[in-house]
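Comments concern the structure below.
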DNA sequence: ATTTTATGTCAGCCTTGTTGACTTTCCAAG
DNA sequence: CTTGGAAAGTCAACAAGGCTGACATAAAAT
């Protein structure tokens with residue numbers, strides 16, 4: 001898994017990226033993502049929820065009090081689609097939607113204790129796999145992994161990603 | 001985006017992986033995957049196809065002549081689900097399903113010229129994004145990226161992944 | 001007072017996954 | 001040669017989770 005490189009006069013790294021190398025990267029992305037979602041999916045099944053619920057729970061946990069609109073932007077889905085998911089989470093007592101203090105049109109979203117418990121169960125599983133992969137690949141690989149993923153994101157999303165709590169740890 | 005590390009006596013790298021670092025990795029995976037699928041999705045729309053068609057086309061292009069059963073394993077879906085997709089591709093003349101020479105129960109799948117054209121259109125877009133991300137992140141990052149993704153895959157899938165044409169280029 | 005924004009909701013549609021049942025074809029072992 | 005099992009295809013029904021479009025309400029902003 002080596003990658004050719006040359007240095008231009010200016011010092012910019014130019015890569016020899018063959019189609020084959022890029023195709024392998026594409027496949028790696030696909031297969032890894034499948035594994036990445038497999039553990040939470042199994043857990044969600046036993047709770048009668050789906051991936052969409054997981055995503056909502058994840059971001060509400062990440063930024064407690066975020067508004068529906070912000071969540072919509074993070075998830076990149078329509079409000080109708082999100083609403084269906086959010087409604088069941090509120091009804092089931094995993095999420096609390098408080099009327100905004102400053103702007104009463106807004107709803108600030110929070111996980112209840114029950115919601116936080118499911119979040120923990122899900123993210124424990126997902127982090128375990130991520131941790132194992134990190135350990136297997138080593139620290140240098142982890143940095144590269146994150147760099148490539150960040151470079152791959154759409155710019156607006158990347159801004160949101162980088163703005164989220166923690167940033168570069 | 002630095003990552004702590006220590007060396008044990010044995011020389012195994014031990015990472016200081018905080019929950020925050022792992023969560024960022026999880027989010028990076030999610031956002032990057034979304035971007036990763038966005039370009040092909042746009043193209044597919046104009047052709048009246050979906051992501052499932054893309055996947056089938058991708059792997060048939062990768063291993064011309066592979067059987068339905070092998071494709072089933074690569075994709076990890078049921079034959080009913082795959083069949084629906086495959087049928088439209090054959091009907092539309094993008095894929096040819098030839099009866100196996102040795103075992104006439106098997107169907108060997110091939111892209112027609114029309115199918116290969118769509119494959120090129122899709123993978124050109126996907127490779128362009130991958131190439132840009134690789135360029136931005138640099139050669140060392142690319143190696144790390146692939147290492148982490150491989151470590152994240154389920155072992156059986158990883159075997160198939162590694163066995164596929166090219167391997168480590 | 002009017003317009004705009006944030007949210008919620010109803011109805012209907014599509015893709016893509018699932019399970020279960022059943023058929024046809026054909027290889028291979030008894 | 002017969003029979004068991006594997007590969008493939010198909011039908012039906014269902015669910016999750018996307019989408020669009022239309023519409024309602026409350027509150028902020030103009």
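The values are calculated or read from the model by the stated rules, or taken from the named source; none is laboratory data. Because the structure is predicted, anything quoted here is derived from the model rather than measured. FYI the Cβ positions are ideal-geometry reconstructions off the backbone, even for glycines, and counts take in every protein chain you see.
Does residue B:128 qualify as being in contact (Cβ under 8 Å) with a residue 24 or more places away in the chain, more than 9 Å from DNA strand D (Cβ to nearest atom), within 14 Å of chain A (Cβ to nearest Cβ) and exposed (fewer than 13 other Cβ atoms within 10 Å of the Cβ)? Steps first, please.
Values: in contact (Cβ under 8 Å) with a residue 24 or more places away in the chain: yes; more than 9 Å from DNA strand D (Cβ to nearest atom): yes; within 14 Å of chain A (Cβ to nearest Cβ): yes; exposed (fewer than 13 other Cβ atoms within 10 Å of the Cβ): yes.
Yes.
Is it fair to say residue B:49 is modelled with pLDDT of 95 or more, within 13 Å of another protein chain (Cβ to nearest Cβ) and surrounded by 16 or more Cβ atoms within 10 Å (Cβ to Cβ)?
Answer is no for this residue.
Which condition breaks for residue A:89 when tested against (1) more than 11 Å from every other protein chain (Cβ to nearest Cβ); (2) closer than 20 Å to residue A:25 by Cα?
Going through (1) more than 11 Å from every other protein chain (Cβ to nearest Cβ); (2) closer than 20 Å to residue A:25 by Cα one by one, residue A:89 breaks only (2).
Of all residues in segment A:41-55, how many are within 19 Å of the chain's Cα centre (by Cα) and farther than 18 Å from residue A:77 by Cα?
Adding up the residues that qualify gives 4.
Just for helices (runs of 4 or more DSSP H) wholly inside segment A:10-87: which have at least 3 residues that are in contact (Cβ under 8 Å) with a residue 60 or more places away in the chain?
A:19-46, A:51-62
Test residue A:62 against the criterion of being modelled with pLDDT of 95 or more, within 14 Å of chain B (Cβ to nearest Cβ) and either within 12 Å of DNA strand D (Cβ to nearest atom) or within 18 Å of the chain's Cα centre (by Cα) (or both), and give yes or no.
Taking the combined requirement at face value, the residue satisfies it.
Tell me, which residue of segment A:35-46 that is away from DNA strand C (no atom under 13 Å from the Cβ) and within 13 Å of chain B (Cβ to nearest Cβ) is nearest to residue B:30 (Cα to Cα)? Before you say what the answer is, go through the steps one by one.
Kept after step one, since they are away from DNA strand C (no atom under 13 Å from the Cβ), are these residues of segment A:35-46: A:35-36, A:39-40, A:43-44, A:46.
From what's left, within 13 Å of chain B (Cβ to nearest Cβ): A:35-36, A:39-40.
Numbers: A:35: 12, A:36: 9, A:39: 14, A:40: 13 Å.
Top of the filtered list is A:36.
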